[in-house]
Amino acid sequence: MASNSFGTIFRFTTWGESHGEAIGCVIDGCPSLIDLTEADIQPYLDKRKPAQSRHTTQRKESDTVKILSGTFEGKTTGTPISLMIENEDQKSKDYSEIKDSFRPGHADYTYQQKYGIRDYRGGGRSSARETAMRVAAGAIARKVLAEYGDEHAQQRPLPNPPPTGGGIKIRGYLVQIGDDKIDPANFDPAQIDQNPFWCPDAVAAARWETLLDAARKSGSSLGAVIEVVAENVPVGLGEPIYDKLDSDLARAMMSINAVKGVEIGDGFAAAALRGEENADRLRAGAGNTVDFLSNHAGGILGGISTGQPVVVRFAVKPTSSILTPVETITTSGEDTEIATKGRHDPCVGIRAVPVGEAMMACVLADHLLRFRAYKR
């Protein structure tokens, strides 16, 4: 199996399976002399780990990370950083009844056709368990952004620049579960960490409690839309042709399990606007800065960051492992029905929030280091 790596200079490779002994990743391209211990990584993993509410899988994993290489006396050495998390609560017997059938919506059929073998225990490599290591890589990417973001901003001034030390800030949250969307008028950043949905609308979060309880009790699941915003992004990240910042972000988000659509800025809604409505107009600001009057482009023009907030949304399909019986075929080609037992998220989009944040951090760190490699 190829393509287990992501990034150009800041590059990570993940390994391991859902029901194997451990999962891990190797991060290459991280600069030296950055403060780094497990304590810098663990809070982000804690945000993603399962069993934090009744609305996520009840698989009990501490997701305790170990740094195996790449640091000395609490600082990065510039060599590959190897991370590992041991799997602690695999229950492979939960899958024994379905090992000879393909689960609709999962990668079972395509894996079998491509490789001639598949790990039926939770999907093996195709499981969302792999995303824990993306979150770990993203934690290190945030350290890179904190270390070098201000330096880059001084070279390419931001519109309305923040004070030095502001750093690049990344925040993700749910804006929709099923067909129920938040009300933008109720948007309160302080609410994001106050409910199990990372939802900025307290009223919507209360509705989602009832919505997900009903879906779970009926043996079904729901999809979700996640928005990730990066603020204080310097001007000039990204390339204008094949390595556009927005194309790399779209690829990053589409690589997350169960993601079926990505938008930058206004996304598909931009098609309904007229040209004069969609244009992000510019005015001269104080002190040789630039003021944008809107941000329909999501902070990226021509594949290059503008200095405005970078805004990405992605849609996650409903969890495919459900108790409601659905039609499928067996591995020998016979028609049957399948209901997937075990511990599954009624809405996998909830735990996709920290994964989206991590992928945003990895893309921005990669492009920041690429810019530094050829300072103009």
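Set the Förster distance to 22 Å, then compute FRET efficiency between TYR242 and ALA2 from the Cβ-Cβ distance, nearest 0.05.
Approximately 0.65, to the nearest 0.05.
Test of understanding: extend the Cα→C-beta vector of ASP35 to 7 Å, then name every residue of segment 66-80 with backbone N under 13 Å from that spot.
So the set is 74-76.
Please determine, in degrees from 0 to 90 and to the nearest 10, the orientation of helix 245-254 with respect to the longest principal axis defined by the Cα atoms of the chain, where the helix direction is its Cα long axis.
It is inclined by approximately 10 degrees.
Over 10 Å intervals from 0, what percent of Cα-Cα pairs in segment 188-319 sits in each interval?
Reading upward from the zero bin: 11, 31, 34, 18, 6, 1.
Could you please state how large a percent of the accessible area of the chain is carbon and sulfur, counting protein chains only and using a 1.4 Å probe?
Carbon and sulfur atoms account for 52 percent of the accessible area of the chain.
Stretch GLU337-LEU323 to full length: gain in nm at 0.36 nm per residue minus the Cα-Cα span? Could you put the intermediate results ahead of the total?
Values: separation 14, 0.36 × 14 = 5.04 nm, distance 1.11 nm.
Full extension from GLU337 to LEU323 adds 3.9 nm.
Multiplying the sequence separation of ASP100 and ARG251 by 0.36 nm and subtracting their Cα-Cα distance, what value in nm do you get?
Gain on stretching ASP100 to ARG251: 51.1 nm.
Between SER294 and ILE117, what FRET efficiency follows from the Cβ-Cβ distance if R0 is 56 Å, with the result rounded to 0.05?
Given R0 = 56 Å and the Cβ-Cβ separation, E is 0.60.
Using a 7 Å offset from the Cα along the Cα-to-Cβ direction at both SER69 and ASN278, what is the distance between the two label points in nm, to one decimal?
4.8
Whole-Hz ³J(HN,Hα) for each residue in segment 311-323, computed from phi via Karplus 6.51 cos²θ - 1.76 cosθ + 1.60 with θ = phi - 60°, x for glycine and proline: what do you get?
Values per residue, Gly and Pro as x: 10, 10, 10, 9, 9, 10, 6, x, 3, 7, 7, 9, 7 Hz.
For segment 96-108, what does the Karplus curve 6.51 cos²θ - 1.76 cosθ + 1.60, with θ = phi - 60°, yield as ³J(HN,Hα) per residue in whole Hz, taken in order and with x for Gly and Pro?
5, 6, 10, 5, 9, 10, 8, 7, x, x, 9, 8, 3
At 0.36 nm per residue, minus the direct Cα-Cα distance, what do ALA206 and THR79 gain on full extension? Give it in nm, one decimal, please.
Answer, rounded to one decimal: 41.1 nm.
Using mean Cβ contacts within 10 Å as the protection proxy, how do 2-14, 218-230, 270-282 order, highest first?
For the peptides 2-14, 218-230, 270-282, the packing ranking is 218-230, 2-14, 270-282.
Helix 202-217: angle to the longest alpha-carbon principal axis of the chain, degrees 0 to 90, nearest 10?
Helix 202-217 and the main axis of the chain meet at about 20 degrees.
Give me the accessible area per residue for the chain, probe 1.4 Å, as a whole number in Å².
46
Taking every pair of alpha-carbon atoms in the chain, what share in percent sits in each 20 Å bin, from 0 to the bin with the longest distance?
The distribution over the chain is 27, 56, 16, 0, given as percents.
The values are calculated or read from the model by the stated rules, or taken from the named source; none is laboratory data. Only a predicted model underlies this, so the values are computations on that prediction, with no experimental measurement involved. Ideal geometry is used to build each Cβ from the backbone, glycine not excepted, and the neighbour counts take in all protein chains shown. Heads up: the accessible areas ignore ligands, DNA and RNA and are worked out on the full protein's heavy atoms, side chains in. Shrake-Rupley method; radii C 1.70, N 1.55, O 1.52, S 1.80 Å.
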